[in-house]
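Peer 1: Structure incoming, see below.
The values are calculated or read from the model by the stated rules, or taken from the named source; none is laboratory data. Bear in mind the structure is a predicted one, so any value in this text is a computation, not a measurement. Using ideal geometry, Cβ is built from the backbone for each residue, glycine included, and neighbour counts are taken over all protein chains shown. The accessibility values were calculated without ligands, DNA or RNA, using every heavy atom of the protein model including side chains. Shrake-Rupley method; radii C 1.70, N 1.55, O 1.52, S 1.80 Å.
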Amino acid sequence: MVMAGLLAGCGSGSDSGGGATLTAYVYGDDAVKIQEAAVKEFNKTSDVKVKLVSVPGTDYVNKLRSAMGSPSAPDIFYNWGGGSIKPYVDAKQVVDLTSTIKNDPTLKDGFLPSIVAAGSLDGKMYGIPMRGMQPVMLFYNKTLFAEHRLQPPKTWEDMQKAITTFKGKDITPFALGGSDKWPELMWMEYLLDRIGGPEVFRRIQGGDSSGWGDPAVLKSAQAVKELVDGGAFGKNFNSVDYGNGGAPTLLNKGKAAMHLMGSWEYSTQLGKAPEFAKKDLGWTAFPTVAGGVGDAADVVGNPTNYWSVNTRTKHKDEAIAFLKTMAATSYSKALVDNGDIPTTANAASMLDSSPNPQFAHDQYTMVQNAPSFTLSWDQALESQIATPLLTEISKLFAGKSTPAQFVAAMKAVK
Amino acid sequence: MSHVSPYTKVRGGRRAAVGNVGRPPVGWALPGILFFAVFAIVPLAIAVYLSFCHWDGLNSPTPVGVDNWTRLFKDPEFRQAAWLSLLLTTVSWAFQTPVALLLGVWAAGRQRSRTFLSAVFFIPLLLSTTAIAMLFHALLDPNFGVIKQIGPWFGIDPNLMGSSTGALLTVAFVGGWQFMPFHTLIYQGGARQIPEVLYQAAAIDGAGMLRQFFHITLPQLRNTITTSSVLMIVGSLTYFDTVLIMTKGGPGTDTTILPYLMYRTGFQTYDLGYAAAIATALVIVATGLSLILVRFSGFGSMRSTREGM
């Protein structure tokens with residue numbers, strides 16, 4: 001510490017405060033206020049001050065990428081774990097936190113194990129969870145289901161029945177923002193998990209591109225085609241967005257009955273149609289698929305976001321000290337109050353103060369009980385694979401390629 | 001070079017070499033050349049260099065020879081993007097030119113409503129491309145946009161942006177809607193340069209409006225058409241924001257034109273070497289096209305439309 005203090009004394013002439021600083025990049029959205037508060041709290045007692053840089057969401061990935069390659073790289077940076085940090089790990093720019101986490105009781109037992117595991121890469125941990133969990137769930141319109149005397153689908157057969165019923169009433173069974181591509185990916189993720197289990201994708205994530213040749217991938221792609229051809233997403237999902245509110249509006253206006261989406265759909269609906277969100281919005285797990293070997297309790301989505309430390313930082317110890325505050329009860333509490341579900345092991349006891357305790361508890365239990373939590377594929381894979389993947393998914397949904405062509409195209413991506 | 005106005009000769013206290021009238025020495029161009037070098041030539045040279053490298057944006061670029069270029073020629077996605085770019089350019093040109101030309105010629109006249117209407121026509125150019133793309137995106141939303149109500153009257157499927165042809169035509173239309181005022185302005189300027197005596201003479205010879213248009217206005221606007229077309233073609237080849245916001249290259253890859261493919265390769269896949277190769281190819285195609293256009297239209301010889309007057 002003394003050493004760090006001495007080091008801090010020099011080489012920080014440009015800082016207005018005079019002391020040394022740690023720069024932390026964070027994804028700039030509404031939740032930033034919680035990290036701001038955490039930084040303020042940390043800076044009260046620390047000699048090395050953390051400076052939070054909030055980068056607007058759409059620019060985050062690019063800004064981080066160019067900053068990490070430059071001399072003004074951040075000391076601490078927000079990420080999605082998995083493939084999203086692989087290039088930085090390969091370039092030896094990320095501190096391996098495995099032993100730090102294992103030797104520190106606060107960190108070791110502080111977070112849900114599946115969450116920490118989901119962000120790791122080749123068995124090594126590079127990140128400390130720092131935001132809420134975002135599992136993908138099946139949202140539905142309770143009123144529409146009640147009107148047509150349907151239960152939220154638990155099996156593939158239930159789902160088919162719901163599709164047929166709603167189609168007959170001119171209601172789109174599933175809202176889908178196909179123009180954004182990533183909402184389509186969610187279908188593929190869950191279908192593959194239910195049909196082939198999480199191991200198939202784990203193989204692919206591990207760098208084995210022949211994993212795309214697994215029969216379960218083809219079956220999932222065929223299931224997608226079956227759903228598209230059967231009108232499960234209506235006729236015009238290719239020109240519907242999630243980002244500008246197209247798909248969520250379909251759900252809250254009763255034009256679509258269900259919507260497969262990340263847990264943030266709740267806050268989206270709360271913002272767009274508060275009445276609907278409070279009274280009519282229901283949620284459930286993705287149904288099982290007949291003949292599939294996957295566990296119906298498995299979850300896909302974004303386990304959480306992580307802070308990672310740049311190897312080039314001058315104040316590694318202080319950076320880690322800051323990351324430890326993410327396991328603090330007060331931090332989790334702040335997340336809960338903002339409507340997020342923390343990934344800390346003790347979060348369950350705080351969820352009652354969430355804006356919607358029922359939704360918070362269901363989500364937490366879902367993740368806590370999940371045998372596996374698969375990170376969204378576009379985050380789990382490196383961009384060289386993730387970008388073509390989104391393109392190929394879009395082609396599959398748009399009917400521009402067949403399931404077999406999808407498999408062949410993905411096997412060819414290196 | 002007989003283009004020396006008698007006016008300059010009379011005024012000519014200082015002697016100017018014939019053919020150099022009114023053209024300052026090269027020194028005056030230095031700031032411009034310097035600016036162009038720093039902001040255009042140098043980046044272009046870097047891009048060309050990068051196209052022979054592998055670069056992920058994090059580590060230093062490593063030279064890989066012609067790998068990116070051989071890949072480019074074999075890449076079906078590049079071929080499709082190049083084809084789509086050409087298609088979009090052709091459609092944009094064919095759609096914008098007649099409208100801009102007619103509007104421009106009309107706006108060059110002296111009608112009472114002209115100033116006001118010209119100002120109105122000019123509005124799209126003042127809006128940012130992003131704002132326009134978002135505006136049309138909202139209008140064309142298949143479930144809640146205006147297209148849902150109005151489309152069927154004209155036999156247009158509201159799922160316009162969800163169909164391959166529809167998406168491409170939409171992009172061409174939105175781009176055209178924005179840039180037509182600019183080209184109208186160019187044509188207006190061109191049309192105003194046409195000496196009135198030509199029309200007076202034609203009128204005396206008994207030529208009607210249509211004949212005057214086809215035999216005086218159009219030929220006289222020859223160089224203006226070239227200028228406008230070059231700008232239009234280069235502009236459509238570099239369409240980007242509209243695609244990014246409205247279609248994201250979809251459905252599938254049906255609106256993935258070259259600039260968007262370059263963006264995706266460079267800033268989503270982080271394959272910056274290959275993206276640089278695509279960018280360089282785009283520069284070559286755009287330069288080639290405008291050179292061809294200039295050559296075929298006779299603009300290269302710099303003949304004045306007022307020659308012989």
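Peer 1: Rounded to the nearest 0.05, what FRET efficiency do residue B:209 and residue B:35 have when you use their Cβ-Cβ distance and R0 = 35 Å?
Peer 2: Approximately 0.15, to the nearest 0.05.
Peer 1: In debye, nearest 20, what is the charge dipole magnitude of the protein assembly as shown about its Cα centre with +1 on Lys and Arg Cβ and -1 on Asp and Glu Cβ, if you could check?
Peer 2: 2760
Peer 1: Using the per-residue mean of other Cβ atoms lying within 10 Å as a proxy for protection, in what order, highest first, do the peptides B:131-142, B:116-127 fall?
Peer 2: Put in order of decreasing packing, that is B:131-142, B:116-127.
Peer 1: Assuming R0 = 41 Å, what is the FRET efficiency of residue A:203 and residue A:358, from their Cβ-Cβ distance, to the nearest 0.05?
Peer 2: For R0 = 41 Å, the calculated efficiency reads 0.65.
Peer 1: Continuing with the same structure: With every protein chain in place, what's the accessible area of residue A:365 (1.4 Å probe, Å², nearest 10)?
Peer 2: Only protein atoms counted, so the area is about 60 Å².
Peer 1: While we're looking at this one, here's another question. What lysines sit close enough to residue A:108 to cross-link, taking a C-alpha to C-alpha distance under 22 Å and skipping anything fewer than 8 places away on the same chain?
Peer 2: Filter leaves A:124, A:316, A:324, A:333.
Peer 1: Using a 1.4 angstrom probe, figure out how much accessible area segment A:270-389 has per residue, in square angstrom, rounded to the nearest whole. If you can, show how the numbers build up before the last one.
Peer 2: On the way: 4420 Å² over 120 residues.
Accessible area per residue: 37 Å².
Peer 1: Dipole magnitude of segment B:75-301 about its Cα centre, charges +1 at Lys/Arg Cβ and -1 at Asp/Glu Cβ only, in debye to the nearest 20?
Peer 2: With only Lys, Arg, Asp and Glu charged at Cβ, the dipole is about 640 debye.
Peer 1: Separate question: For residue B:187, what is the net charge nearby, where nearby means another residue's Cβ is under 15 Å from its Cβ and Lys, Arg count +1, Asp, Glu -1?
Peer 2: Neighbour charge sum, excluding residue B:187 itself: +3.
Peer 1: Same structure, new question: Average partner chain C-beta neighbours within 10 Å, per residue of A:246-252? Kindly include the intermediate steps, with their values, before the conclusion.
Peer 2: Numbers: counts 7, 1, 0, 3, 2, 0, 0.
Per residue, the number of nearby Cβ atoms from other chains is 2 on average.
Peer 1: Where in segment A:301-323 is the amide nitrogen less than 15 Å from a point lying 7 Å along the Cα-to-Cβ axis of residue A:96?
Peer 2: Output list for this probe position: A:309, A:311.
Peer 1: Given an 8 Å cut-off on Cα distances and at least 6 residues of separation, report the relative contact order of chain B as a percent.
Peer 2: Reported relative contact order: 27 percent.
Peer 1: Enter the accessible area of residue A:329 (Å², nearest 10), with the probe set to 1.4 Å and all protein chains included.
Peer 2: Spelled out: residue A:329, probe radius 1.4 Å, area about 80 Å².
Peer 1: Could you check the simple spin-label distance between residue B:67 and residue B:90, using points 7 Å along Cα→Cβ, in nm with one decimal?
Peer 2: Label-label distance for residue B:67 and residue B:90, simple model: 3.6 nm.
Peer 1: I'd like the accessible area for residue A:400, computed on protein heavy atoms only with a 1.4 Å probe and all protein chains in place. Round to 10 Å², please.
Peer 2: 90
Peer 1: Find the all-direction average of the projected area of the Cα convex hull for segment B:166-309, expressing the result in square nanometres with one decimal place.
Peer 2: 10.9
Peer 1: Which loop-located trypsin sites (Lys or Arg not before Pro) does segment B:43-125 contain, where loop means any DSSP state but H, G, I, E or B and the Cβ has at most 15 other Cβ atoms within 10 Å?
Peer 2: When the trypsin sites (Lys or Arg not before Pro) of segment B:43-125 are filtered for loop state and at most 15 Cβ neighbours within 10 Å, B:110, B:112 remain.
Peer 1: Related question: Measure out, as a whole number of angstrom, how far apart the alpha-carbon centroids of segment A:253-322 and segment A:237-251 sit.
Peer 2: One Cα centre to the other: 18 Å.
Peer 1: Reachable lysines from residue A:279, Cα under 23 Å, same-chain residues fewer than 8 places away excluded?
Peer 2: A:142, A:154, A:169, A:253, A:255
Peer 1: Can you give the direction-averaged projected area of the convex hull of the alpha-carbon atoms in segment B:75-301, in nm²?
Peer 2: Numbers: hull surface 61.0 nm².
So the Cα hull casts an average projection of 15.3 nm².
Peer 1: Next question, about the same structure. What is the pair-distance distribution P(r) of chain A, computed from all Cα-Cα distances in 20 Å bins starting at 0, with each bin given as a whole percent?
Peer 2: Pair shares across the bins are 26, 56, 17, 1.
Peer 1: Can you quote the Å³ per residue value for the convex hull of the Cα atoms in segment A:142-243, rounded to an integer?
Peer 2: Hull volume over Cα atoms, normalised by residue count, gives 114 Å³.
Peer 1: Right, something else. At R0 = 30 Å, how high is the FRET efficiency between residue A:349 and residue B:60 if r is their beta carbon distance? Nearest 0.05 is fine.
Peer 2: Plugging the Cβ-Cβ distance into 1/(1 + (r/R0)^6) gives 0.05.
Peer 1: List the residues of segment B:221-253 that lose 40 Å² or more of accessible area once all protein chains are present, compared with their chain alone (1.4 Å probe, heavy atoms only, no ligands or nucleic acids).
Peer 2: Residues meeting the cut-off: B:248, B:252.
Peer 1: Just from the alpha-carbon atoms, what are the Rg and Dmax of the protein assembly as shown in angstroms?
Peer 2: Using the Cα atoms of the protein assembly as shown, the pair Rg, Dmax is 30.5, 100 Å.
Peer 1: So, in Å, what gap is there between the alpha-carbon centers of segment B:284-298 and segment A:103-162?
Peer 2: Distance between centres, Cα-based: 57 Å.
Peer 1: Taking θ as phi - 60°, what are the ³J(HN,Hα) couplings along segment A:36-53 by the Karplus curve (6.51, -1.76, 1.60), each to the nearest whole Hz, with x for Gly and Pro?
Peer 2: Ordered by residue, 3J(HN,Hα) equals 4, 5, 5, 5, 4, 5, 5, 5, 4, 10, 9, 6, 8, 8, 8, 10, 8, 10 Hz.
Peer 1: Here is a follow-up. Given the Cα-Cα distance of residue A:155 and residue A:330 and 0.36 nm per residue of separation, how much length would full extension add, in nm?
Peer 2: 59.0 nm
Peer 1: By how many nm would the segment from residue A:253 to residue A:290 lengthen if fully extended, with 0.36 nm per residue of separation less the alpha-carbon distance?
Peer 2: The residue A:253-residue A:290 span can extend by a further 10.2 nm.
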